[in-house]
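Data block below; observations after.
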Amino acid sequence: MKNTRYSLLYPLLLLLLSTAFLFSSCRKDEDDDQLDQLRITENTELYRLMRDWYYWYDSIPRINPAKFANVYDLLEGIRYRPLDRWSYVTTREEYESFFIQSKFIGYGFGSAFDEDGRLRISFIFNENDLYENGVRRSWIIERINGSVVQPGVNINQLLGPNEIGVTNTFLFRKPDGTNEEMTVQKDEVFMNTVLHKEVLEAGNRKVGYLVLQGFRTPTFGELDAAVDFFNSEGGIDDLILDLRYNGGGQTNVANYLASIIGGQAVDGKAFAKFIFNDKRNDQNFTDFFDASQETLNLGRLITIATDRTASASEMVINGLRPFMDVHIIGDDTYGKPMGQRVFPRDLYAFLPVTFKIANADGFGDYFDGLPADSYVVDDVTRLFGDPEEASLKEALTFIETGSFSMLPRKKSLYVQPWE
């Protein structure tokens, strides 16, 4: 009886186990099928969108989107490589956090190697632990977690993933020559776009100095505050617009800034022409200056740039040039005369290049960048606003004397603009 009972229970146990495994396997197969179908749907949607909206749509190879592992690989497989360095896919959450809320996860600073190979803070946002602990532009990062920082070291790799709570220990060399160690965690950082504003003098002229790091939704309010500040100081005769760390952003913010600078003299005139592909040329339009807000009403603009000054920054420079003298000090700009339209989806935001930008004169093919009038190395050893900082000194000299130093061309040493 004992043996008989076990002979009956054993097959029953096998049956129960195999049935449970069958149900589990079925669920797993169903989940895999749903994920695979979602992947194919997303890939197909991006592929169709690119063949319709992409500026270089006629260069896209005919492929089966289902064969790509994800939308990121698909985009890399079809982008127009001779020119397109900018189309990208991100999550919708990341897109809205960065451009609309102006937030990201990290420490909130940029860095650059100086001429002696020392990594320095090039800029720092003003709402993070490092800033509150006194860290400023020009501070040297000697070590991260005990590792010596020198040219060739990937600082992003040393700092680890951009996740809240990731902890690193920095050893800083301060401007007074002393060292200070700080252990801090990564957190959500608000990116203020106006890094510095000040009124300086050059000869008998009052000069506004504005360092702008990006063109994002909060920039509107920050620009209004900057204009109020300059006007509260009795107004300015010239503006030095420092865009050396500005990789661009929203085109409507670029128009807002350009309208502030040009004021009533440019109001209602063409700021930029948006030119789409021949399938979508019904989308072509001209964006006009709008000086309905408080403005500076300037007759010329002096900009500080590097080869990372791009996109909306170049749009401001190029858009104002038909109506005033615009001078560039530092280095040739990056060279992005193209723009992206955002296509938000449930999970992703697709940002393919969809249009070309030209100014009122029709000029827009500056793929090699807008050339500088005077080439000056980014002097990360000094604070923003220091009259001896190389680029600012050159700008002030030009305003006072009307001529540049005619410095020999030397590419900027600016690297690692982000964490």
- prompt: Per residue, how much accessible area does the chain show when a 1.4 Å probe rolls over the protein heavy atoms, in square angstrom?
  reply: 47 Å²
- request: Please name which of Met191, Phe323, Asn126 has its Cα lying farthest along the dipole of the chain towards the positive end, using unit charges on Cβ (Lys, Arg +1; Asp, Glu -1) and the Cα centre as origin.
  value: Met191
query: Can you pull the percent of segment 280-349's accessible area that's carbon plus sulfur, 1.4 Å probe, other chains left in place?
result: 40 percent
query: Based on DSSP H runs of at least 4 residues, each adding -39500 (n - 2.57), what is the mean residue ellipticity at 222 nm of the chain after dividing by all its residues, to the nearest 500 deg cm²/dmol?
result: -9000 deg cm²/dmol
statement: Between (1) 198; (2) 149; (3) 139, the structure-derived volume of the Cα convex hull per residue in Å³ is (1)
- prompt: Give me the log10 of I(q) over I(0) for segment 78-143 at q = 0.20 Å⁻¹, as the Debye formula computes it from C-alpha points; what are the numbers?
  reply: -0.88
field: Neighbourhood charge, 12 Å Cβ-Cβ cut-off, centred on Ser313 and excluding it, Lys, Arg +1 and Asp, Glu -1
entry: 0
statement: Counting Lys and Arg as +1 and Asp and Glu as -1 over every other residue whose Cβ sits under 12 Å from the Cβ of Asn277, the net charge comes to +1
statement: So for R0 = 22 Å, FRET eff. of Glu163-Arg85 from the Cβ-Cβ r, to 0.05, ends up at 0.20
message: If you roll a 1.4 angstrom probe over the protein chains with everything in place, what fraction of the accessible area of segment 218-259 belongs to carbon and sulfur, to the nearest %?
response: 49 percent
- request: Using DSSP to define loop residues, name the trypsin sites (Lys or Arg not before Pro) in segment 337-391 whose beta-carbon has at most 15 other beta-carbon atoms within 10 Å.
  value: Arg345
Heavy-atom accessible surface of segment 105-181: percent carbon and sulfur, 1.4 Å: 39 percent
field: Rg/Rh (Cα only; Kirkwood hydrodynamic radius) as it applies to segment 41-161
entry: 1.12
Computed over segment 99-236, the ratio Rg/Rh where both radii use C-alpha atoms and Rh is Kirkwood: 1.03
- request: Could you tally the net charge around Ser403, taking each other residue with its Cβ under 13 Å from the Cβ of Ser403, Lys/Arg +1 and Asp/Glu -1?
  value: -3
field: Pairs of Cα atoms farther than 25 Å apart, segment 165-276, %
entry: 42 percent
Prolate/oblate/rounded call for segment 139-202, Cα gyration tensor, a/c under 1.5 rounded: oblate
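The values are calculated or read from the model by the stated rules, or taken from the named source; none is laboratory data. All figures in this text were calculated on a predicted structure; none of them were measured in a lab. Cβ sites come from the backbone with ideal geometry, for glycine too, and all protein chains shown count toward neighbours. All accessible areas refer to the heavy atoms of the entire protein, side chains included, with ligands and DNA or RNA removed. Shrake-Rupley method; radii C 1.70, N 1.55, O 1.52, S 1.80 Å.
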